[in-house]
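For reference, the structure discussed in these notes is given below.
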Amino acid sequence: MFISEVKRQIAAEGDRTISFLQDLVRIPSVTGNEGAVQAYLSKELASLGLEIDAWQPSREELQKHPVFSDDGLPLEGRPVIVGRWHGSGGGRSLILNGHVDVVPPGDPQSWIDGPWSGIVRDGKLYGRGACDMKGGLVAGIAAIRTLQKMGLRLRGDVMIQCVTGEETGGIGTLATILRGYRADSAVILEPTRLDLCPVGAGAASFRLHVPGLAAHAAMRQQGVSAIEKFLFIHALLMSLEKERNAGFQHPLYKDRLPAPISIGKVQAGDWPSTVPDNLVAEGRYGILPGENLNKARKLFEQKIRKEAHKDSWLSQHPPEVEWFEGQFEPAETALDSDVIKVLSECHYETTGKVPAIHGVSYGSDLRFFTNNAGMPAVLYGPGDVAQAHSVNEFISLEQLFTATQTVACMMIRWCEV
């Protein structure tokens with residue numbers, strides 16, 4: 001009904017939307033340092049006349065919740081922000097959720113233009129967080145601005161949530177749940193290439209402590225290399241990944257590895273000519289959709305313990321498993337949920353194409369809405385997750401504008417004019 005005018009207005013605001021995203025990308029906001037970008041966003045939301053709720057979550061409150069993931073980072077100076085666009089009444093409410101924290105950029109020299117450039121080239125905007133997920137957040141805010149510019153008034157409330165700490169466990173979205181924020185549905189604006197993703201796997205961060213026996217490198221056979229013992233454990237983890245995924249079936253995970261196991265960091269030894277007597281490996285353990293997180297972690301521990309008994313050294317000096325930081329439960333919204341139907345129709349109305357619907361293999365804040373708030377929710381946003389956490393991260397501007405159009409349409413259809 002309004003889609004032609006929505007598209008025209010979004011095109012007219014195109015330069016402003018790009019500039020807005022550039023500004024956000026140019027404000028470094030690695031997890032734990034989100035204060036500056038949140039201050040910027042608070043002013044932007046206030047300029048739209050939204051009711052602003054900005055508060056500082058307390059560790060005392062958060063840690064009482066059973067799904068709290070403690071990343072060990074201070075909470076001070078990292079407010080969570082919710083901007084509410086009040087409706088006139090009688091319509092369904094909608095939450096648009098996006099995290100402002102980003103992962104470290106790595107070596108700045110490996111970026112063509114630097115990690116915080118926000119440069120636009122060949123229809124793409126580059127910089128850490130452009131894809132994951134400041135682009136999605138901008139699409140949501142730009143959609144609100146679009147409807148306001150058109151002079152539309154919605155019946156239902158729209159809440160835009162700018163949350164912190166998602167990358168290390170989701171303290172920001174958990175804080176919104178504990179503060180009582182609920183709606184009739186939620187769209188988490190993660191980069192999905194504009195696919196609808198109502199199912200998400202979980203993920204558990206783990207730390208492995210593998211012991212060895214130090215010796216002079218010239219007398220290597222008198223020592224036990226913790227590195228060599230880790231290779232034994234690593235082979236087990238790859239076997240466990242294959243075993244777990246082979247037995248899993250779900251209609252939304254065709255041709256996708258639902259629960260990968262990956263080692264992301266390894267530290268061993270303290271001297272080049274000494275046999276290393278310790279190794280610490282950190283990684284990510286995929287949790288299958290529908291699987292209980294605690295049971296999955298116990299299985300992981302049992303497998304390592306069982307395999308260690310096959311090795312003469314490790315049977316007497318077993319590896320230790322430590323769970324830390326992000327512990328993401330899997331999440332799922334039923335395919336027949338109304339939010340999926342309406343969002344699918346809006347995507348079709350915007351693009352002329354039926355959207356792909358599938359599950360994702362990564363953990364996200366989706367779980368807080370489905371598991372803890374009892375709300376139907378779906379991941380949908382611009383950008384490709386393959387670009388997330390990568391060098392020279394970018395987002396397609398075409399997808400950015402398409403997502404803005406679809407979200408604007410969603411607000412009209414869901415909340416009603």
Rounded to 5, percent antiparallel among DSSP beta bridges of the chain: 75 percent
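Around ALA388, under 15 Å between beta carbons, what's the net of Lys plus Arg minus Asp minus Glu among the other residues? Don't skip to the end; give the middle numbers.
Values: positive: LYS124, ARG128, LYS134, ARG193, ARG284; negative: ASP101, ASP132, GLU166, GLU167, GLU190, ASP195, ASP365, ASP384, GLU393.
Net of charged neighbours comes to -4.
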Rg(Cα) / (2.2 N^0.38 Å) computed for the chain, rounded to two decimals: 1.06
Descending principal axes extents, the stretch 114-155, alpha-carbon based, whole Å: 43, 19, 12
Integer Hz, Karplus 6.51/-1.76/1.60 couplings in order for the stretch 175-187, x for Gly and Pro: 4, 5, 5, 5, 7, x, 6, 9, 8, 6, 6, 9, 10
Cβ-derived FRET efficiency at R0 35 Å, LYS149 paired with ASP338, nearest 0.05: 0.80
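Report the gain in length on full extension from VAL354 to ASN33: 0.36 nm times residue separation, minus Cα-Cα distance, nm rounded to one decimal.
Working it through step by step, the gained length comes to 111.7 nm.
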All-pairs Cα distance distribution in the stretch 221-271, expressed in whole percent, bin size 5 Å: 4, 16, 21, 17, 13, 10, 8, 6, 3, 2, 1
Residues in the stretch 260-280 reached by a label modelled at ALA218 [backbone nitrogen below 20 Å; 7 Å Cα→Cβ]: 270-277
Debye log10 I(q)/I(0) for the stretch 269-386, one point scatterer per Cα, at q = 0.20, 0.23 Å⁻¹: -1.18, -1.36
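Can you tell me, using C-alpha contacts under 8 Å and at least 6 residues apart, the relative contact order of the chain as a whole percent? Provide the component values of the computation, followed by the final result.
Numbers: 938 pairs, mean separation 106.5, N = 417.
Across the chain, relative contact order equals 26 percent.
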Column: log10 I(q)/I(0), Debye, Cα scatterers of the stretch 110-209, q = 0.14, 0.18 Å⁻¹: -0.78, -1.16
Residue-normalised accessible area of the stretch 1-138, expressed per residue, 1.4 Å probe, Å²: 43 Å²
Most mobile of GLN327, GLN63, GLN221 in a GNM of the chain (Cα contacts under 10 Å): GLN221
Unmatched cysteines, the chain - criterion: no other Cβ of a Cys under 4.7 angstrom: CYS131, CYS162, CYS197, CYS415
Relative contact order of the stretch 160-237, defined on C-alpha pairs under 8 angstrom at six or more residues apart (%): 14 percent
Relative packing of peptides 42-51, 277-286 - highest average C-beta neighbours within 10 Å first: 277-286, 42-51
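The values are calculated or read from the model by the stated rules, or taken from the named source; none is laboratory data. A quick note: this is a predicted structure, and the numbers were derived from the prediction, not measured. With ideal geometry, Cβ positions are generated from the backbone for all residues, glycine too; neighbour counts draw on all protein chains shown. Surface accessibility is based on the protein's heavy atoms, side chains included, excluding ligands, DNA and RNA. Shrake-Rupley method; radii C 1.70, N 1.55, O 1.52, S 1.80 Å.
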